[in-house]
1. I'm trying to understand the selection: among the residues of segment 133-142, which are surrounded by 13 or more Cβ atoms within 10 Å (Cβ to Cβ) and assigned to a loop (DSSP other than H, G, I, E, B)?
2. Can you pull out every residue in segment 57-72 that is acidic (Asp, Glu) and either surrounded by fewer than 20 Cβ atoms within 10 Å (Cβ to Cβ) or more than 10 Å from the chain's Cα centre (by Cα) (or both)?
3. Quick one: is SER118 buried (at least 17 other Cβ atoms within 10 Å of the Cβ) and more than 13 Å from the ligand (Cβ to nearest atom)?
4. Kindly indicate the residue of segment 73-94 that is in a loop (DSSP other than H, G, I, E, B) and open to solvent by less than 40 Å² (accessible area, probe 1.4 Å) and also farthest from ASN200 (Cα to Cα) among those meeting that condition.
5. What single numbered condition from (1) over 20 Å from LEU202 (Cα atoms); (2) hydroxyl-bearing (Ser, Thr, Tyr); (3) in contact (Cβ under 8 Å) with a residue 40 or more places away in the chain fails to hold for SER33?
6. If ALA194 satisfies all but one of (1) more than 22 Å from the chain's Cα centre (by Cα); (2) within 14 Å of the ligand (Cβ to nearest atom); (3) within 30 Å of CYS66 (Cβ to Cβ); (4) not acidic (Asp, Glu), what's the number of the condition it fails?
7. Among the residues of segment 117-137, are any within 20 Å of the chain's Cα centre (by Cα) and aromatic (Phe, Trp, Tyr)?
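The values are calculated or read from the model by the stated rules, or taken from the named source; none is laboratory data. Being a predicted model, the structure only gives us computed values, none of them experimental. Backbone-built Cβ (ideal geometry, glycine too); neighbour counts: all protein chains shown. When the accessible area is computed, the model is the full protein with side chains, heavy atoms only, and any ligands, DNA or RNA have been set aside. Shrake-Rupley method; radii C 1.70, N 1.55, O 1.52, S 1.80 Å.
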Amino acid sequence: MITIAIAKGRMQDDALALLARAGIRLSADEVNSRRLAVTDESGEYRFLFVKPGDVPVYVEHGIADCGVVGRDVLLESEADLLLPLDLGIARCRIVVAAADPEVLTRAVGMLRVATKYSQIAATHFGSRGMPVEIIKLSGSVELAPALGLADLIVDLVETGRTLRENGLTVVDEISESTGRLVVNRASYQLKAHAVGQLVNALRLALNGGERA
Ligand code: PRP
């Protein structure tokens, strides 16, 4: 059996839809349940539904053989994983946003950056030689500029609605992010056949094919 850790939240529905197109389906009962570990209809795959940031942890430790998680999370993680496939799902951008569109050009002194993504932010501003103070938050980062906690945020944008409705605009783009298949190094060797089948089925589904 292959165990796949799926990032809960924005990734989950797209991941399950893609897996279904690859012939790996959960029963309606499992989909509608609150169970965090479930088995697919064939009994060949077990899914673990975990917080996005925990997917690399489960996979690196070999508790899950594979995972589906956003590139944003992987950029933030130091886990040593194989990344055989860009699944193209849950596409979004990692951006720098602010209330003042000119904040970067007007900046005097050190700017404060609120974010869940402290590694990504540190790398981004470090590569530009901009000293910043990074304020790590767990979510609802868009609140920080309006409340005076930060001058900038680094966060994900999908539709742009959260930024707009909190009076923020994009002032710089860091990167795109999509869902990736990640694989544990040992599973890739020891379960080569089963992992290979999964990768091929997903690749076929991505190319428009569908397994019965
Ligand atoms: C993400 C992200 C933004 C929002 C962007 O939050 O952090 O807040 O989605 O989506 P939009 O551009 O379509 O409005 P998420 O829902 O993952 O929750 P969070 O507050 O925990 O970051």
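1. LEU137, VAL141, GLU142
2. Let us first name the residues in segment 57-72 that are acidic (Asp, Glu), namely 60, 65, 72.
Across segment 57-72, the qualifying residues are GLU60, ASP65.
3. Spelling it out, it is not the case that SER118 is buried (at least 17 other Cβ atoms within 10 Å of the Cβ) and more than 13 Å from the ligand (Cβ to nearest atom).
4. From segment 73-94, those in a loop (DSSP other than H, G, I, E, B) are 77-81, 87-91; that's our starting set.
Retained after the next criterion (residues that are open to solvent by less than 40 Å² (accessible area, probe 1.4 Å)): 77, 79, 81, 87-90.
Values: SER77: 26, ALA79: 24, LEU81: 18, LEU87: 12, GLY88: 15, ILE89: 17, ALA90: 20 Å.
Among residues in segment 73-94 that are in a loop (DSSP other than H, G, I, E, B) and open to solvent by less than 40 Å² (accessible area, probe 1.4 Å), the one farthest from ASN200 (Cα to Cα) is SER77.
5. (3)
6. (2)
7. yes
Each row is one residue, and each column tells you yes or no for (1) touching a Cys at 6+ places or on another chain (Cβ under 8 Å); (2) within 12 Å of the ligand (Cβ to nearest atom); (3) closer than 21 Å to VAL55 by Cβ.
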| site | (1), (2), (3) |
| --- | --- |
| ASP151 | no, no, no |
| GLY160 | no, yes, no |
| LEU163 | no, yes, no |
| SER177 | yes, yes, yes |
| ARG180 | no, no, yes |
| GLN189 | no, no, yes |
| VAL199 | no, no, yes |
| LEU206 | no, no, yes |
